[in-house]
Amino acid sequence: MSGSVLEIKNLHVSIEDKEILKGVNLTIKGGEFHAIMGPNGTGKSTLASAIMGHPKYEVTEGSIILDGEDVLEMEVDERARAGLFLAMQYPSEISGVTTSDFLRSAINARREEGDEVSLMKFIKQLDKDLDLLEIDQNMATRYLNEGFSGGEKKRNEILQLLQINPAIAILDEIDSGLDIDALKIVSKGINKMRGEDFGCLMITHYQRLLNYITPDFVHVMMQGRVVKSGGPELAKRLEEEGYEWIKEELGITDETVEQNA
Amino acid sequence: MTVETKLPFDKDYLEQFSKERNEPAWMSELRVSALSQVNTLEMPKPDKTNIRNWNFNTFKHEFTSGQAVTTTTELPEEIQAYFDEENKAENLLIQRNHSVAFSTLNEDLKDKGVIFTDIFTALNEHSDLVEKYYMKEAVSVDQDRLTALHAALMNGGIFIYVPKNVQIEAPIQAIFWQEDPETALFNHVLIVAEEGSSLTYLENYVSHNEEQKTVANIVTEVFAHDNAQVAYGAVDHFAAGTTTYVNRRGVAQRDAKINWALGQMNDGNTVSENITYLLGDNATSEAKAVTVGRGKQTQNFTSSIRQFGKQTDAFILQRGVMKGSATTIFNAIGKIEHGGSKSNSEQESRVLMLSEKARGDANPILLIDEDDVTAGHAASVGRVDPLQMYYLMSRGLTKEEAERLVIHGFLEPVVSQIPIESVRKQLTQVIERKVN
Ligand SMILES: Nc1ncnc2c1ncn2[C@@H]1O[C@H](COP(=O)(O)OP(=O)(O)OP(=O)(O)O)[C@@H](O)[C@H]1O
Ligand SMILES: [Mg+2]
């Protein structure tokens, strides 16, 4: 067996004492592409943040295990080095730090001291990825995310994905704010990661992204839980019919996390 | 209140000191007259910092020579780190204690009449020129007790003169190396850029006295005549034992520009004043400064640009990182005088706190005596943004590495302005050492 396994079991997460996730179960394996859909405010980003270890989110119950290791015991940077990656819905701006300096630090963080990536090799790989994502060369010398347009930030997240090459990536609304061409380019970048050694969880509102990146599994989130799972056809049906039929099927009147199931 | 302190230096001592340097009569007289004023003048009063108990009076002053070298490779590595080995400095002066250890100036510039020499040689060879500017228009002898002390006891420094319309491309660099851990430095830097000329100057102050107590009392005077441009960079790095008073002033005439980029990395207590007078119309100045405070040191940085001319433009940028129980006060004062119409004045002071016990204060002040002007200011004292840390760490960077990047980013707007690559690197290393 190759590839990593991320197992999320009965995950409960609170923010400022308010429970947002109420028992999420999900397993992502190397080679698999998962999509999570769901109405606004149902806990999708919360799940992503809890997996990565966002300081504001408190896990009150359940477990997250990566290849047998307890992720919840790890600091944010340890989770990253263990193989997790999160393309954030709202990436931070880091003034005064160039994208390329930052990328080099991120790559070297995964290597032993004395075994840092050579500048030549780094630049070569960076140029290749910039080309693939059709990102202007000068973005590498601009300060990380500072003054980037919404779409540029998203592309930059995928640039980081390619450069860091994680085992499991979570992409939180990587398609939001992208124009049609950019969506194709970003999808091309993500598809390039496909392989036995890469598992992916995409959070999205739109079927459109899934036309370019076909998921193996589609999950629907409501009330802070995964309420329905299926194949790619589930996403298509959601695109056509919305969420009402699921709510009816499951007897849900208020899909937000405010409601206890 | 004036503090009556007995200084171990009298008129005879100064006259003797002056005579040994072969100084012109006017200099000897200036020293003696300054000394006579020391005890009647007040100490400077940097806003929000009490310096009454700082040591500005006890020090060894005797002229202390340092060994001269024939090539820079004879210098210790620590000093060599200040200049580019590949890109050998064409215009470099190294002052070791109070004497010149090494100096070089491009022949072509010499032919054009550029002067770049130590202050004592300048007093001998260009007495009239030095006298015309020395402690007159920019820093006056009787400004306060410390400027008077400086005038009386000046024991090092350089003079740079750039004739009319001479443009100097390569930077001019001076390294002031206090090798002797006890001797005080009363350093005077005098720069005159004649009409239409331009230069980039960079200076480094270095000392190693962690334990021994001494004083640095530094005055810089920069004169930019009509349409002249001066880019002034500095990295101050006196060790913890040195108490520093540094007063850097500039006077810009019509269409002139004076830009400062000061890396203020002293480890001892420091009072720094950086004042620029924009006298002529269209004169501009950017005054940028960074500091890292650590340990128990207390520092006070005042940057001020006073705008007299019309359509002048001034920008003050101060950035500080505070660690340990260090205290830093930033005062950024923009002043548009009556008559300075259509001028613009901006100040920005930001302090990043890395520890609970550190204290930082950022005070941008805007004083405007004219209606038709634009101005703006910004100030902040804050901690490292936890969301930035989360973002960086989510890419695998350790907490320390993430914090290091954020700090570098924070100081970058000033560090990037330091004109010589090797010095920029060296400053970056100093910052690294200070924040870790
Ligand atoms: N800092 C916070 N304080 C209080 N409530 C919060 C906070 N952050 C998130 N929430 C709440 O948690 C719930 C889930 O938010 P989350 O961001 O996970 O939703 P989402 O499914 O990603 O929505 P969207 O599709 O709009 O991105 C929302 O009701 C939100 O208001
Ligand atoms: Mg979201």
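How about the range A:68-113: which of its residues are free of Cβ contacts under 8 Å to residues at least 40 places away in the same chain, facing chain B (nearest Cβ under 8 Å), surrounded by fewer than 21 Cβ atoms within 10 Å (Cβ to Cβ) and closer than 20 Å to residue A:55 by Cα?
A:75, A:81 - these are the residues of the range A:68-113 that are free of Cβ contacts under 8 Å to residues at least 40 places away in the same chain, facing chain B (nearest Cβ under 8 Å), surrounded by fewer than 21 Cβ atoms within 10 Å (Cβ to Cβ) and closer than 20 Å to residue A:55 by Cα.
Just the residues that are of a type in the set (A, V, I, L, M, F, W, C) and within 11 Å of ligand 1 (Cβ to nearest atom), please, taken from the range A:40-84.
Listed by number, the residues that qualify are A:47, A:48, A:50.
Those residues that are of a type outside the set (Asp, Glu) and crowded, with 23+ Cβ neighbours inside 10 Å, I need them from the range B:193-205; list them, please.
Initial filter on the range B:193-205 (of a type outside the set (Asp, Glu)): B:193, B:196-202, B:204-205.
Selection gives B:193, B:197, B:199, B:201, B:202, B:204, B:205.
Can you tell me how many residues in the range A:27-39 are small (Gly, Ala, Ser) and within 14 Å of ligand 1 (Cβ to nearest atom)?
2
Can you confirm whether the range A:184-195 contains a residue that is within 16 Å of ligand 2 (Cβ to nearest atom) and either modelled with pLDDT under 95 or among the basic types (Lys, Arg) (or both)? Can you show your working first?
Within the range A:184-195, the subset within 16 Å of ligand 2 (Cβ to nearest atom) is none.
Checking the range A:184-195: not a single residue is within 16 Å of ligand 2 (Cβ to nearest atom) and either modelled with pLDDT under 95 or among the basic types (Lys, Arg) (or both).
Report whether or not residue A:152 is within 16 Å of ligand 2 (Cβ to nearest atom), of a type in the set (Asp, Glu) and closer than 19 Å to residue A:102 by Cβ.
So residue A:152 does not fit the description; no.
Determine whether the range A:19-28 contains at least one residue that is among the basic types (Lys, Arg), at pLDDT 95 or above and within 16 Å of ligand 2 (Cβ to nearest atom). So that I can check it myself, show each step before the final result.
As a first pass, look at the range A:19-28 and keep what is among the basic types (Lys, Arg): A:22.
Cutting the leftovers down to at pLDDT 95 or above gives us A:22.
Filter once more, keeping what is within 16 Å of ligand 2 (Cβ to nearest atom): none.
No: zero hits.
All but one of (1) surrounded by fewer than 22 Cβ atoms within 10 Å (Cβ to Cβ); (2) among the aliphatic types (A, V, I, L, M); (3) more than 30 Å from residue B:77 (Cβ to Cβ) hold for residue B:239, so report the exception by its number.
With respect to (1) surrounded by fewer than 22 Cβ atoms within 10 Å (Cβ to Cβ); (2) among the aliphatic types (A, V, I, L, M); (3) more than 30 Å from residue B:77 (Cβ to Cβ), residue B:239 is out only on (3).
Mind listing whichever residues of the range A:47-80 are among the basic types (Lys, Arg) and within 16 Å of ligand 2 (Cβ to nearest atom)?
A:56
Residue check: is residue B:31 farther than 30 Å from residue B:304 by Cβ and at pLDDT 95 or above?
No.
Quick test of your reading of the structure: residue A:123 fulfils all but one of (1) assigned to a helix (DSSP H, G or I); (2) surrounded by 17 or more Cβ atoms within 10 Å (Cβ to Cβ). Name the failing condition by number.
In the conditions (1) assigned to a helix (DSSP H, G or I); (2) surrounded by 17 or more Cβ atoms within 10 Å (Cβ to Cβ), residue A:123 misses (2) alone.
Looking at (1) away from chain A (no Cβ under 14 Å); (2) modelled with pLDDT of 95 or more, find the lone condition where residue B:355 falls short.
All conditions are met except number (2).
What number of residues within the range B:335-352 satisfy the criterion of being within 12 Å of residue B:374 (Cα to Cα) and either at pLDDT below 95 or hydrophobic (A, V, I, L, M, F, W, C) (or both)?
Qualifying residue count for the region: 1.
Looking only at the range B:385-436, how many residues end up being more than 7 Å from every other protein chain (Cβ to nearest Cβ), outside any helix (DSSP H, G or I) and buried (at least 16 other Cβ atoms within 10 Å of the Cβ)?
Qualifying residue count for the region: 4.
Find the residue count for the range A:179-222, including only residues that are among the aromatic types (Phe, Trp, Tyr) and over 21 Å from residue A:5 (Cβ atoms).
Qualifying residue count for the region: 2.
What are the pairs, 6+ residues apart or on separate chains, where a residue within the range B:110-122 that is on the phi > 0 side of the Ramachandran plot has its Cβ under 8 Å from a residue that is part of a loop (DSSP other than H, G, I, E, B)?
Close Cβ pairs (under 8 Å, with a partner that is part of a loop (DSSP other than H, G, I, E, B)) amount to B:113/B:163; B:113/B:166.
So that you can scan it fast, the table gives a plain yes or no per residue for (1) within 14 Å of chain B (Cβ to nearest Cβ); (2) polar (S, T, N, Q); (3) in contact with a Phe, Trp or Tyr (Cβ under 6 Å, 6 or more places away or on another chain):
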residue: A:115; (1), (2), (3): no, no, no
residue: A:122; (1), (2), (3): no, no, no
residue: A:141; (1), (2), (3): yes, yes, no
residue: A:156; (1), (2), (3): yes, yes, no
residue: A:167; (1), (2), (3): yes, no, no
residue: A:176; (1), (2), (3): no, yes, no
residue: A:181; (1), (2), (3): no, no, no
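Of B:323, B:357, B:257, which residue is under 21 Å from residue B:230 (Cα atoms), among the basic types (Lys, Arg) and over 15 Å from the mean Cα position of the chain (by Cα)?
Among B:323, B:357, B:257, only B:257 is under 21 Å from residue B:230 (Cα atoms), among the basic types (Lys, Arg) and over 15 Å from the mean Cα position of the chain (by Cα).
With the requirement that a residue be surrounded by 15 or more Cβ atoms within 10 Å (Cβ to Cβ), more than 14 Å from chain B (Cβ to nearest Cβ) and on the phi < 0 side of the Ramachandran plot, what does the range A:43-65 give you?
A:44, A:46, A:47, A:58, A:59, A:64, A:65
Might you check whether a residue that is more than 14 Å from chain B (Cβ to nearest Cβ), touching a Lys or Arg at 6+ places or on another chain (Cβ under 6 Å), within 16 Å of ligand 2 (Cβ to nearest atom) and not hydrophobic (A, V, I, L, M, F, W, C) occurs anywhere in the range A:207-221?
No, the range A:207-221 contains no residue that is more than 14 Å from chain B (Cβ to nearest Cβ), touching a Lys or Arg at 6+ places or on another chain (Cβ under 6 Å), within 16 Å of ligand 2 (Cβ to nearest atom) and not hydrophobic (A, V, I, L, M, F, W, C).
Scan (1) in contact with a Lys or Arg (Cβ under 6 Å, 6 or more places away or on another chain); (2) surrounded by fewer than 22 Cβ atoms within 10 Å (Cβ to Cβ); (3) facing another protein chain (nearest Cβ under 8 Å) for the single condition residue B:380 breaks and write down its number.
(3)
Considering A:10, A:40, which residue is more than 16 Å from ligand 2 (Cβ to nearest atom) and over 13 Å from the mean Cα position of the chain (by Cα)?
Unique residue meeting the criteria: A:10.
Across the range B:145-156, what is the total count of residues that are surrounded by fewer than 23 Cβ atoms within 10 Å (Cβ to Cβ) and closer than 27 Å to residue B:88 by Cβ?
Residues in the range B:145-156 being surrounded by fewer than 23 Cβ atoms within 10 Å (Cβ to Cβ) and closer than 27 Å to residue B:88 by Cβ: 0 in total.
Quick one: which of B:122, B:101, B:174, B:170 is in a strand (DSSP E or B), of a type in the set (A, V, I, L, M) and surrounded by fewer than 23 Cβ atoms within 10 Å (Cβ to Cβ)? Working first, answer last.
Working: B:122 fails: in a strand (DSSP E or B); B:174 fails: surrounded by fewer than 23 Cβ atoms within 10 Å (Cβ to Cβ); B:170 fails: in a strand (DSSP E or B).
After applying the criteria, what remains is B:101.
Looking only at strands (runs of 3 or more DSSP E) that fall completely inside the range B:226-304, which ones have 2 or more residues that are of a type outside the set (Gly, Ala, Ser) and within 17 Å of residue B:363 (Cα to Cα)?
Answer list for the range B:226-304: B:270-278, B:284-293.
Give the residues of the range A:85-113 that are of a type in the set (S, T, N, Q), within 16 Å of ligand 2 (Cβ to nearest atom) and in contact with a strand residue (DSSP E or B) (Cβ under 8 Å, 6 or more places away or on another chain), sorted by residue number. Break it down into steps so the answer makes sense when it comes.
Residues of the range A:85-113 of a type in the set (S, T, N, Q): A:89, A:92, A:95, A:98-100, A:105, A:108.
Right, trim to within 16 Å of ligand 2 (Cβ to nearest atom) and you get A:89, A:92.
Within the range A:85-113, A:89 is the sole residue that qualifies.
The values are calculated or read from the model by the stated rules, or taken from the named source; none is laboratory data. Here the structure is a predicted model, which means the values were calculated and not measured. Positions of Cβ are backbone-derived with ideal geometry, glycine not excepted, and every protein chain shown enters the neighbour counts.
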